[in-house]
């Protein structure tokens, strides 16, 4: 029998699955749920309305996500490697953890948490390095019904405190410190600073990772290694209702405090599993390498829960793409025989600046599927990825989704549906995209067959967010009020006459220049096609005639670039209405540690609004902000 009977294996199967999933979602998902482990199999599959909103999937089901991600695979393949850990320091040895060992470690961590008083429903803040202990902590929370809230190991103390206070966390799990590249990150000291701003924490559990000296507060702080081996090696999984909260993950709002996106257990599990199996066309013995950190949704869904739910091997990498040199990713792929590689376009563009010798020295023949995530990939990076990493043999899946969606929403299926450079392509079964104008009307098809509008989703899918923690009204306003009866993604998109979607950027990253709507991603794709442009970012600024002007920031490869060449490329590819008003060459762009460009900061600079830049401590290198300001074009 096929391990995954619901895996789509042909274009016709995709079409059939899509039609059924939309016409009768209850029947569609009812055929899939028997392949998961339930304490009580659900009979109420889907109930939702987007006005309040009120969304429930598999509501009367009872299960534990860790039994689906660990226990069932221990019974089938106990010695199969579950996690391969590659440390930041290349001189340190990699670590392989079998499913049997994973179960033992998770259970010991779960028992330790319970011995300290953690109960079902407690919120646990996790601020740790990208290492196996982080996976144990997350899964241990899920094992006993505690709600994990992972904060990326690099946020400032103020940002951590804000998240702890909003979620009402009562425990923190952290480490002494860690290294990212050559930079030391003082995790425990940062937590200590954060806790001066909060009043909810009972205990701080500290894992020895960097083995650096840190202050420990008597009675509040404990070393995990002092207690972990004293714990029983088995912990009974707590039965959980399908709609119990699995985790809270904070995502930045365009204004105000971060939003605590809530995902519940069964819907999240089933969606990330289904999308992982189908988008990447998973085989039973695959080794999957997603470069994301667990502090972000991609790490939750496609480093941890997705791969483990499928019983495959997942690679956790602590380091950076260019440390100790630009061959670190390719070395890992060769070393472990990686089959699927999933990364961000930003990482690819940064690696494109290095000589191809860093790639050619490694054997990448085991690769079967490549993927991108986090932002629309520009055409030049797509072709570079295809040529140098895939060697024209690996399909590239360009996945579009969000923290709020839980898992992939629009993507080609590797080797099954067509890949089109810069297009996410087709919606997955269960997803009903609609393009609406600013008045909430469906976009009228143009003579060329191309539609352009605001991307909305018309039906619920299993892993859609349920609320924003402690503020359901904010959830309604942000996602369901702009277009009644639709989930509003906040993204603009185009659709071709074959039904393929291309994401053109956030609506707040869509410029309105003299009445013309221009996507920043569209502009950046054109600019990045110049042979001497490494990366670019486009933002708007107030213009006394046009309303919004176009300000372009460019990183070059060191060669002088004539600004007129940039204007010519934009005019040729998009039109004269898209000519930039200002072009500034910079050494770097303000990015988060996950590689996302902080356009909010660039917009402030372009508008000469330097006094309200806000918190820049979350940037990978905050010094670039001062350098850009010094080069500002008046």
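A count restricted to the range 41-52 and to residues that are without any contact (Cβ under 8 Å) to a residue 40 or more places away in the chain and surrounded by 13 or more Cβ atoms within 10 Å (Cβ to Cβ) stands at 3. When the range 412-464 is examined, which residues are found to be free of Cβ contacts under 8 Å to residues at least 40 places away in the same chain, buried (at least 17 other Cβ atoms within 10 Å of the Cβ) and assigned to a strand (DSSP E or B)? Across the range 412-464, the qualifying residue is only 456. Of everything in the range 559-571 that is touching a residue at least 24 places away in the same chain (Cβ under 8 Å) and part of a helix (DSSP H, G or I), the residue that is surrounded by the fewest Cβ atoms within 10 Å (Cβ to Cβ) is 565.
Return the total of residues in the range 255-272 being buried (at least 24 other Cβ atoms within 10 Å of the Cβ) and without any contact (Cβ under 8 Å) to a residue 40 or more places away in the chain. So the count comes out to 0.
Here residue 38 passes the criteria (1) in a loop (DSSP other than H, G, I, E, B); (2) touching a residue at least 40 places away in the same chain (Cβ under 8 Å); (3) crowded, with 18+ Cβ neighbours inside 10 Å except the one numbered (2).
Quick check on residue 255: is it in contact with a strand residue (DSSP E or B) (Cβ under 6 Å, 6 or more places away or on another chain) and at pLDDT below 95?
Values: in contact with a strand residue (DSSP E or B) (Cβ under 6 Å, 6 or more places away or on another chain): no; at pLDDT below 95: yes.
For residue 255, the condition - in contact with a strand residue (DSSP E or B) (Cβ under 6 Å, 6 or more places away or on another chain) and at pLDDT below 95 - is not met.
For the criterion of being surrounded by 14 or more Cβ atoms within 10 Å (Cβ to Cβ), in contact (Cβ under 8 Å) with a residue 24 or more places away in the chain, under 21 Å from residue 112 (Cβ atoms) and touching a helix residue (DSSP H, G or I) at 6+ places or on another chain (Cβ under 7 Å), residue 171 fails. Restricting the range 465-498 to residues that are within 23 Å of the chain's Cα centre (by Cα) and over 30 Å from residue 166 (Cα atoms) leaves a set whose member that is surrounded by the fewest Cβ atoms within 10 Å (Cβ to Cβ) is 494.
Rundown of residues vs (1) farther than 25 Å from residue 347 by Cβ; (2) modelled with pLDDT of 85 or more, yes/no style:
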site: 564; (1), (2): yes, yes
site: 584; (1), (2): no, yes
site: 589; (1), (2): no, yes
site: 602; (1), (2): no, yes
site: 617; (1), (2): no, no
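Just one of 54, 68 is at pLDDT 95 or above and touching a helix residue (DSSP H, G or I) at 6+ places or on another chain (Cβ under 8 Å); which is it?
Values: 54 fails: touching a helix residue (DSSP H, G or I) at 6+ places or on another chain (Cβ under 8 Å).
Selected residue: 68, the only one of 54, 68 that is at pLDDT 95 or above and touching a helix residue (DSSP H, G or I) at 6+ places or on another chain (Cβ under 8 Å).
Quick one: count up the residues across the range 600-634 that are within 26 Å of residue 560 (Cβ to Cβ) and touching a residue at least 40 places away in the same chain (Cβ under 8 Å). So the count comes out to 7. For residue 465, work out the one condition from (1) touching a helix residue (DSSP H, G or I) at 6+ places or on another chain (Cβ under 6 Å); (2) modelled with pLDDT under 85 it doesn't fulfil. Going through (1) touching a helix residue (DSSP H, G or I) at 6+ places or on another chain (Cβ under 6 Å); (2) modelled with pLDDT under 85 one by one, residue 465 breaks only (2).
Out of the residues in the range 273-291 meeting the condition of being on the phi < 0 side of the Ramachandran plot, in a loop (DSSP other than H, G, I, E, B) and modelled with pLDDT of 95 or more, tell me which one is surrounded by the fewest Cβ atoms within 10 Å (Cβ to Cβ). Working first, answer last.
In the first step, residues of the range 273-291 are kept if they are on the phi < 0 side of the Ramachandran plot; the result is 273-280, 282-291.
Next, from what is left, pick out any that are in a loop (DSSP other than H, G, I, E, B): 280, 282-286, 291.
Going one step further and asking which of them are modelled with pLDDT of 95 or more, we end up with 280, 282-283, 286, 291.
Details: 280: 31, 282: 24, 283: 16, 286: 21, 291: 25.
So, considering only residues that are on the phi < 0 side of the Ramachandran plot, in a loop (DSSP other than H, G, I, E, B) and modelled with pLDDT of 95 or more, the one surrounded by the fewest Cβ atoms within 10 Å (Cβ to Cβ) is 283.
Residues in the range 221-254 that are assigned to a loop (DSSP other than H, G, I, E, B) and without any contact (Cβ under 8 Å) to a residue 12 or more places away in the chain: 2 in all. Looking at the range 401-415, can you tell me whether even one residue there is over 30 Å from residue 243 (Cα atoms) and at pLDDT 95 or above? The answer is yes, given that some residue of the range 401-415 is over 30 Å from residue 243 (Cα atoms) and at pLDDT 95 or above.
Look through 87, 132 and report the one residue that is surrounded by fewer than 24 Cβ atoms within 10 Å (Cβ to Cβ), in contact (Cβ under 8 Å) with a residue 40 or more places away in the chain and within 30 Å of residue 3 (Cα to Cα).
Details: 87 fails: within 30 Å of residue 3 (Cα to Cα).
Being surrounded by fewer than 24 Cβ atoms within 10 Å (Cβ to Cβ), in contact (Cβ under 8 Å) with a residue 40 or more places away in the chain and within 30 Å of residue 3 (Cα to Cα) holds for just one of 87, 132, which is 132.
Conditions (1) part of a helix (DSSP H, G or I); (2) crowded, with 23+ Cβ neighbours inside 10 Å; (3) touching a strand residue (DSSP E or B) at 6+ places or on another chain (Cβ under 7 Å), marked per residue:
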position	(1), (2), (3)
363	no, no, no
367	no, no, yes
371	no, yes, yes
376	no, yes, yes
384	yes, no, no
387	yes, no, no
391	no, no, no
397	no, yes, yes
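The values are calculated or read from the model by the stated rules, or taken from the named source; none is laboratory data. As the structure is a computational prediction, the values presented were derived from the model and not from experiment. We place every Cβ from the backbone using ideal geometry, glycine too, and count neighbours over all the protein chains shown.
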